[in-house]
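Enquirer: Mind looking over this structure? Questions follow.
None of the figures in this text is laboratory data; all of them are computed from the coordinates on show. The structure presented is a predicted model; accordingly, all values stated were derived computationally and were not measured. Reconstructed Cβ throughout: ideal geometry from the backbone, glycine too, with neighbour counts over all protein chains shown.
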Amino acid sequence: MKVALVYNAKEEASPLVSRTADPAENPPSSLPSASSFASSPRSVSVLAAPPAPERVNDLYAEWDTMETVNAVRAAIEERHSVLMIEANEDAFEIFRQRKFDFVFNIAEGLHGSSREAQVPAMLEMLRIPYLGSDPLTLALCLDKSRAKEVLSHHEIPTAAFTVVHSREELEDARVRFPSIVKPLHEGSSKGVYNSCVVRDTAELEREVNTIFEVYHEPALIEEFLTGREFTVALLGNGEDLRVLPLVEIKFDALPPGANPIYSYEAKWMWDSRENPLQIFECPATLSHSLHSEIEELCRHTYRVLRCRDWSRIDVRCDARGKAHIIEVNPLPGILPKPEDNSCFPKAARAAGMTYNQLINSVLDISMKRCGLFTQETQRKRANSN
């Protein structure tokens, strides 16, 4: 088959604020460790405030590098011919005019709160089958508050939250401390910095104002859950839905004094290919009961939000150890190299899959859903395994 690979590729961007990526030279601040949060959540309100955040140019944080795009292309080319299409303003005409059988979509988009839904919406208009969730699910999951509202309706645990659109709304907001402040519709830890955990009104106002000024969008204020955090990769549809080995984020691997969150600094600055943080454990070590709770919670969330083919779901426990859904990612990150610490491929490797097998597995899953899983495809799949 001819498969179109649709992508957005990032270029190197100059930082808006000059800062070092070395935590030894640029310490996060004198804050409690992850263990002190977990054991004594009430103590955080009297601790020293973090410094005002130093922001970098994270505009393209969600986009893939060409290294990732080419790795996906190489995997697909094991079984299919590939047409590369950049998801820019010319994409619609290319979709309309070029001939191909299927779209492997990894495009995140750039503008607007529905940006992840834009390419799938074009493809649905043109009746072209594609990989992944539909435009409604993609738009819903990118707007964190809308996703949480749906989860709450279905009695799926998620952290208590409020959304503020203006400084006037913030004055009337009822917030319990500690809380965490995030941009309402961003991914890849974009806008979530070490300073986003807030303990008093002054810190809250600072972070909310930063989101207004830098990201020009509403701020999500969530109760800060003080327990363990996991990320869960899921593959499949219907009865064939599969949960891959759980990944735990080990906050004791962060620099001394860092908040126990997977912040932008932790994901993109302190963790490097040359000096990777030992921040993940996969498979995670946890009790059978907690593992079962998290797996069932993620399966239920996947179905309620109508995810398709694959998704990565972030889970965090409260102080009592009860699991809550933090975020759902229907376009999961898939960096190819193990030293990149990309969680979905990490979980796939723990399940015994190579990177190419992961890419072709989700492609087979999606083609089957679309009615394109032919005998020829089955034969090629058997020959490649």
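Enquirer: Longer than 25 Å from Cα to Cα, which of Lys10/Lys250; Lys99/Lys190; Lys10/Lys337; Lys148/Lys368; Lys10/Lys368 are they? Say none if no pair is.
Expert: The answer is Lys10/Lys250; Lys99/Lys190; Lys148/Lys368; Lys10/Lys368.
Enquirer: Let me ask something else. Taking the highest mean first, how do the peptides 351-363, 117-129, 306-318 order by number of other beta carbon atoms within 10 angstrom per residue? Before the final figure, lay out the partial values.
Expert: Values: 351-363: 19.2, 117-129: 17.6, 306-318: 22.9.
Output ranking for 351-363, 117-129, 306-318: 306-318, 351-363, 117-129.
Enquirer: Report the gain in length on full extension from Arg299 to Arg167: 0.36 nm times residue separation, minus Cα-Cα distance, nm rounded to one decimal. Don't skip to the end; give the middle numbers.
Expert: Details: separation 132, 0.36 × 132 = 47.52 nm, distance 3.76 nm.
Additional length available on full extension: 43.8 nm.
Enquirer: Tell me, what does the Kirkwood hydrodynamic radius of the stretch 252-349 come to in angstroms if you use every pair of distinct C-alpha atoms?
Expert: 15.0 Å
Enquirer: Another question about this same structure. Using modelled amide H (1.01 Å from N, peptide plane; none on Pro or chain starts), what sits under 5 Å from the amide H of Leu5, excluding residues fewer than 5 places away?
Expert: Sorted by chain and number, the residues that satisfy this are Leu83, Met84, Ile85, Phe104.
Enquirer: In the stretch 134-169, which GluC sites (Glu not before Pro) fall in coil by DSSP and have 12 or fewer other Cβ atoms within 10 Å? Show your work: numbers first, answer last.
Expert: Numbers: sites: Glu149, Glu155, Glu168, Glu169; in loops: Glu155.
When the GluC sites (Glu not before Pro) of the stretch 134-169 are filtered for loop state and at most 12 Cβ neighbours within 10 Å, Glu155 remain.
Enquirer: Hey, what did the stretch 143-214 get for relative contact order, percent, Cα under 8 Å, at least 6 apart?
Expert: Normalised by residue count, the contact order of the stretch 143-214 is 28 percent.
Enquirer: Once amide H atoms are placed 1.01 Å from N in the peptide plane, what residues at a sequence separation of 5 or more from Tyr130, or on another chain, have their amide H within under 5 Å of its amide H?
Expert: Here the answer is Val103, since their amide H atoms fall under 5 Å of that of Tyr130.
Enquirer: Right, another one. Tell me the volume per residue, in Å³, of the convex hull enclosing the alpha carbons of the stretch 108-205.
Expert: Spread over its residues, the Cα hull of the stretch 108-205 gives 131 Å³ apiece.
Enquirer: Short version: ³J(HN,Hα) in whole Hz for each residue of the stretch 346-361, in order, from phi by Karplus 6.51 cos²θ - 1.76 cosθ + 1.60 (θ = phi - 60°), x for Gly and Pro, what are they?
Expert: So the J values, rounded to whole Hz, are 4, 5, 5, 4, 5, 8, x, 9, 6, 4, 5, 5, 4, 4, 6, 5.
Enquirer: Turning to a different aspect of this structure: Can you give me the long-range amide H partners of Lys250? Hydrogens built in the peptide plane at 1.01 Å from N, cutoff under 5 Å, separation of 5 or more residues or another chain.
Expert: For Lys250, the qualifying residues are Phe280, Glu281.
Enquirer: Let me ask you something else. Order of 334-347, 201-214 by packing, highest average Cβ count within 10 Å first? Write out the running numbers ahead of the final one.
Expert: Numbers: 334-347: 20.1, 201-214: 17.1.
Descending mean neighbour count gives 334-347, 201-214.
Enquirer: For the stretch 175-181, in order, what is each residue's ³J(HN,Hα) by Karplus, 6.51 cos²θ - 1.76 cosθ + 1.60 with θ = phi - 60°, in whole Hz (x at glycine and Pro)?
Expert: Going residue by residue, I get 10, 9, 9, x, 10, 10, 10 Hz, with x marking Gly and Pro.
Enquirer: Oh, and also: Rule-of-thumb check for the stretch 73-132: C-alpha Rg over 2.2 N^0.38 Å?
Expert: With N residues counted in the stretch 73-132, Rg over 2.2 N^0.38 Å equals 1.12.
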